[in-house]
1. Filter the stretch 178-196 for residues that are assigned to a helix (DSSP H, G or I) and more than 18 Å from LEU219 (Cβ to Cβ) and give the result.
2. Suppose we filter the stretch 197-230 for residues that are assigned to a helix (DSSP H, G or I) and either at pLDDT 95 or above or crowded, with 16+ Cβ neighbours inside 10 Å (or both); how many remain?
3. Given the conditions (1) closer than 19 Å to ASN202 by Cβ; (2) in contact with a Leu (Cβ under 9 Å, 6 or more places away or on another chain), and given that ASP120 satisfies all but one, which numbered condition is not satisfied?
4. Kindly check whether there is at least one residue in the stretch 165-182 that is at pLDDT 95 or above, surrounded by 21 or more Cβ atoms within 10 Å (Cβ to Cβ) and farther than 19 Å from ALA135 by Cα.
5. Identify the residue in the stretch 40-71 that is small (Gly, Ala, Ser) and over 17 Å from PRO27 (Cβ atoms) and, among all such residues, is nearest to the chain's Cα centre (by Cα).
6. Six or more apart or on different chains, Cβ atoms under 7 Å: show the pairs whose first residue is in the stretch 121-147 and part of a helix (DSSP H, G or I) and whose second is basic (Lys, Arg).
7. Scan the stretch 59-76 for residues that are crowded, with 23+ Cβ neighbours inside 10 Å and over 22 Å from GLY148 (Cα atoms) and report the count.
8. If ASN112 satisfies all but one of (1) in contact (Cβ under 8 Å) with a residue 60 or more places away in the chain; (2) surrounded by fewer than 24 Cβ atoms within 10 Å (Cβ to Cβ); (3) not in a loop (DSSP other than H, G, I, E, B), what's the number of the condition it fails?
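The values are calculated or read from the model by the stated rules, or taken from the named source; none is laboratory data. Predicted, not measured: the structure shown is a model, and the values here were computed from it. For neighbour counting, all protein chains shown are included, and Cβ atoms are generated from backbone atoms with ideal geometry for every residue, glycine included.
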Amino acid sequence: MTLAEFERWLRDPNRRPLVMGVLNVTPDSFSDGGRYAAVDAAVAHARHMLDAGADLLDVGGESTRPGSQRTPPDEQARRVVPVIESLVRQRGVNCLLSIDTTRAPVARAALNAGASIVNDISAATDDPDMLPLIASARAPVVLMHMRGQPATMQNDPVYSDVVADVATHLRQRAAAAIAAGVADHRILLDPGIGFGKTIDHNLELLRRLKAFADSGRPLVLGTSRKGFLGKIAGESDARERLFGTAASVAWCVANGAAVVRVHDVEPMAKVVRTVRAIQVGWPEPAADDQGGGGAFGEPTLPDSRADGR
């Protein structure tokens, strides 16, 4: 998917759901810390995710797992910029990149290196320069809800009504982005599953997901390998949470998610393609403006092989 295709996708009320592959170039992320910290390993994994059906990739240089400490902006940039530059230079790679950061200097460096989207888990509250930067760059932005900071967010989070509280916060942050000059259609929202929420909060947000989807803004959901799935299924190893992730991804797409952020791209792309087929039929009507192939266009394998996968 190209940026131009993504821009058209943003304006399409019948937009197909997208798969966002997670690319953590950190030593300490909760499920794959250290595996892709080297540039060559990160680029190889990025190519693997694109081949597996990812529509876009979210590159992050700071772990935001519960209890994690903040990473200085210069260190984040040192980690992510060489990976982004390498991916942009790759021949034959159609790669739309998002930078996962709450710091404007990191976002600026990543956008200059070739990223197109900013994914800010603080909904641009951590850095007052973030929204003006995004506006001046004419970049799409994902605004996510988080209670507190990663180091403390799971310390007894309390809400009067988690859905109403999160929705109000996201409306306020979207209004702040528009006031700063960010184009209305370039704002995506994320209720922040696992960020300052108990298991019950996460499940309630998922149960009432249409309250967010019905706002009309593209909704981003990141349930992949999250701790609440492990507690439900009794799986302590994050990499074992494939079935819980698949169930939650299917639920999210069925209830209006526009983007699902996942670690295990190939199986989740199949989950989303199947849910989408139930919704609109198969094969899905051609949508040239939304990018062909990949996770949700026609299968990249011949039909006889695709049936057996």
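1. Matches in the stretch 178-196: ALA179 only.
2. So the answer is 16.
3. It is condition (1) that ASP120 fails.
4. Looking for residues that are at pLDDT 95 or above, surrounded by 21 or more Cβ atoms within 10 Å (Cβ to Cβ) and farther than 19 Å from ALA135 by Cα, one finds at least one in the stretch 165-182, hence yes.
5. Step one: of the stretch 40-71, the residues small (Gly, Ala, Ser) are 41-42, 44, 46, 52-54, 60-61, 63, 67-68.
Pick out the ones that are also over 17 Å from PRO27 (Cβ atoms) and you get 44, 46, 52-54.
On the way: ALA44: 20, ALA46: 14, ALA52: 16, GLY53: 14, ALA54: 11 Å.
Filtering the stretch 40-71 for residues that are small (Gly, Ala, Ser) and over 17 Å from PRO27 (Cβ atoms), the one nearest to the chain's Cα centre (by Cα) comes out as ALA54.
6. The qualifying pairs are LEU133/ARG108.
7. Adding up the residues that qualify gives 1.
8. So ASN112 meets the others, but not (1).
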